[in-house]
Each structure stands twice: as C-alpha cells, then as structure tokens.
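Values quoted throughout were computed directly from the atomic coordinates according to the rules given, and no laboratory measurement underlies them. What you are looking at is a predicted structure, and each value in this text was computed from that prediction instead of being measured. So basically every Cβ, Gly included, is an ideal-geometry build from the backbone, and we count neighbours across all protein chains shown.
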C-alpha cells in the first residue's frame with residue numbers, strides 16, 4: 001500500500017504514563033513512524049488525544065473527572081504542550097504541522113464541513129501534517145443534554161477520526177491504543193482471543209467491547225462505533241497496539257496486525273456520508289406506516305405522510321425520520337423549515353400551495369439526500 005491517505009488516531013493511553021504525564025518517548029516513537037510513512041509517499045492526518053492529561057500534569061493539580069470546567073481548563077493548558085512536542089519531533093524530519101481543533105458544530109453545519117474539507121486538502125497538498133483534536137474547551141456534548149429531537153455527531157476522538165476519514169475520503173484509518181485489538185472478551189481474561197478480522201459488527205462484538213480506558217473517555221466501545229462508520233462508508237479500519245514495534249509501518253505494508261475491519265464493497269456517497277455521520281440531527285419528523293414503507297422502497301418523503309414534527313430546524317438542516325413506533329429508520333436534509341412542515345403535514349400538493357402560497361419542492365426530503373439506517 002503506497003501513496004494513500006491515512007487517518008491515524010492515537011489514544012490518550014498511548015501518550016501518557018501512569019501518573020498522567022506525557023510519555024515523550026512513546027510520542028516520539030509514534031512520530032518517527034508517521035514521518036517514515038510520509039517519506040514513503042503516504043499522506044497522514046493525525047488525530048490525537050492527550051490534551052487534558054497533559055494539562056493535568058502541567059498544572060500539577062489533582063484530577064477531578066466529574067468537573068467539566070476543570071477538564072476544559074486542563075485541555076486549554078495541555079493542548080499547547082501537546083502541539084509543541086509534535087512540532088519539535090516532526091521538525092527533525094523536515095515536516096511541518098498544523099493544529100486543527102474541531103467541535104461537533106464544525107461538522108454538523110454543511111458549509112463549515114466543506115470549509116474544513118478544503119483546509120485539510122490544502123494542508124495535505126502543502127505537505128503539512130494536520131494534527132486534529134476535539135476542541136475540549138468549547139465542546140461539552142458528552143455531559144450537556146441536547147434539545148429534544150437533536151443529536152450530536154461525536155463526543156470522542158475515535159468517532160472523530162472516522163468522520164474526518166469520511167470528509168477527506170481517506171483510504172485507511174488506524175486507531176492506535178493500549179491493547180492488541182478487539183478480543184472475544186476482556187483481554188484481561190485468560191481465555192480471551194484476539195479477533196483478527198471483522199466483516200460485520202454484531203451484538204456479540206458490541207458486548208465484547210464493553211469497558212472504558214483509564215485515561216480516555218471512549219474505550220473499545222467507541223472504537224467499534226468508529227469501525228462501523230468506516231465499514232459502512234467503504235473505508236478499512238485497523239485497531240492495533242501502539243506499543244508494538246513498527247506497528248503503523250507494518251499496517252501500511254499490509255501485515256496482519258491487530259484487528260482489521262473489512263469495509264463494505266460499495267460505500268456511501270459523499271453527501272450521504274455527511275448526512276449519516278457528519279451532521280447532527282436538528283429535529284425529528286414522524287411519518288405514518290405508509291410513508292415509512294414507501295421510503296424503505298426508495299421513495300422520497302412527502303408532506304402527506306408526515307404526522308408530527310419535533311425540534312426546530314431550518315431549510316438544509318438534517319433531521320431524523322422516525323416511524324409510528326418512534327424509532328429512527330432514516331435521516332435526511334429538509335427542504336422546509338420545522339414551522340412550515342407543521343403547517344403542511346398530512347397535506348397533498350394542492351393543499352400545500354394553498355396553505356403556504358408556494359411550493360419550494362414537492363418533496364419534504366428528497367430520496368437522494370436521505371440515508372437509511
């Protein structure tokens with residue numbers, strides 16, 4: 001495998017010592033491998049954790065995991081430390097880096113999403129290594145409830161790495177962690193076995209992934225979620241142990257390392273990738289059984305099949321489509337605002353024109369701008 005775009009995600013556990021301070025030796029060793037990969041013709045986007053842990057060690061304060069503002073402050077202090085070390089280590093290879101801090105809003109908004117894609121593309125053209133982290137100073141979605149009908153798109157760097165791979169149309173995702181890959185059960189148990197290849201995410205696999213890491217907030221559960229996004233999008237993903245010698249280089253050479261998640265043969269289109277995983281939903285549209293069946297067979301969503309609307313959203317925003325049972329089965333980009341849909345739900349085309357005075361589109365959501373779950 002040569003000349004490919006690779007998203008490499010390094011977890012907190014791979015970057016810190018037991019006391020939470022940065023493990024500079026491990027960081028340098030991983031940078032060495034990324035630099036070698038770049039010299040071989042690959043393009044690399046690095047998604048890195050570790051800012052909060054670095055900040056805790058730098059400020060020399062006692063960790064308080066239940067205080068979100070404390071963690072935000074530590075992230076603010078730690079991010080610059082993280083970047084200074086990366087810059088120094090990559091500079092030794094003549095490589096330049098750029099910091100990219102993202103929140104769910106940056107990827108949920110279509111225009112912001114496209115601008116982000118353009119920046120990544122230009123940085124890679126310039127030979128710069130984008131170093132990405134979630135903006136923990138402003139992104140607090142993991143602890144603050146969202147409004148009814150809304151859903152954020154990520155709250156962990158594992159999932160962020162998959163979303164970035166989607167946005168940049170990457171060829172591979174490599175998630176480096178503190179275990180060798182996905183096991184049949186907790187790797188601490190003596191009868192646990194490493195799963196070398198995953199072709200489908202099953203309930204049994206999700207159960208095997210339960211648990212959380214000491215320093216990161218995701219653990220194997222979010223890695224499985226990231227893998228599912230990657231597989232459905234047509235992107236291969238590997239979970240491997242960062243401590244393994246030449247782990248990244250071996251993965252890029254196609255060697256059997258860690259757990260390989262085989263992608264679907266036909267991935268989603270760019271717009272559907274964003275609808276499915278990049279965008280957060282801004283509201284919900286509940287449809288009747290007839291409309292649900294029609295959508296599942298390939299039809300667009302018409303106003304006549306709509307029963308209820310919840311949340312507030314504008315034209316062009318992504319909404320969740322739920323059936324009579326209240327369960328989401330699709331999502332898509334709305335051609336009407338929530339206020340307009342509340343006025344025209346259950347109506348046919350003639351009634352819509354009479355009620356609104358216009359028809360923007362015959363479809364409330366066009367099938368081409370819809371993703372079925």
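Placing R0 at 45 angstrom, the Cβ-Cβ distance between residue 262 and residue 350 gives a FRET efficiency of 0.35 after rounding to 0.05. With neighbour counts taken as other beta-carbon atoms within 10 Å, the residues 42, 256 rank, fewest first, as 256, 42. Reported to the nearest whole Å, the Cα centre-to-centre distance from the range 238-315 to the range 29-63 is 28.
Determine, for 29, 312, the number of other Cβ atoms within 10 Å of each Cβ, and report the residues in order from fewest to most. Mind dumping the intermediate values first?
Numbers: 29 18, 312 15.
Neighbour counts put them in this order, fewest first: 312, 29.
From most to least packed by mean Cβ count within 10 Å, the peptides 161-167, 283-289 give 161-167, 283-289. With 0.36 nm allotted per residue and the present C-alpha distance subtracted, the residue 25-residue 40 stretch has 3.1 nm of extension available. Over the chain, dividing the summed -39,500 (n - 2.57) contributions of all DSSP H runs of at least 4 residues by the number of residues returns a 222 nm mean residue ellipticity of -11000 deg cm²/dmol. Each residue in 111, 231, 347 was given a count of other beta-carbon atoms within 10 angstrom of its own, and listing them fewest first yields 111, 347, 231. Treating each Cα of the range 281-372 as one equal point scatterer and applying the Debye formula with no solvent, the log10 of I(q)/I(0) at q = 0.12, 0.17, 0.26 Å⁻¹ comes out as -0.29, -0.60, -1.50.
Taking the longest Cα principal axis of the chain as reference, the axis of helix 68-91 is set at about 60 degrees. With respect to the chain, whose longest principal axis is taken over its alpha-carbon atoms, helix 157-168 is tilted by about 70°. The C-alpha atoms of the chain define a longest principal axis, and helix 219-233 lies at about 60 degrees to it. Run the numbers on the range 5-272 and let me know its relative contact order in percent, using alpha-carbon pairs under 8 Å that are six or more apart. Across the range 5-272, relative contact order equals 21 percent.
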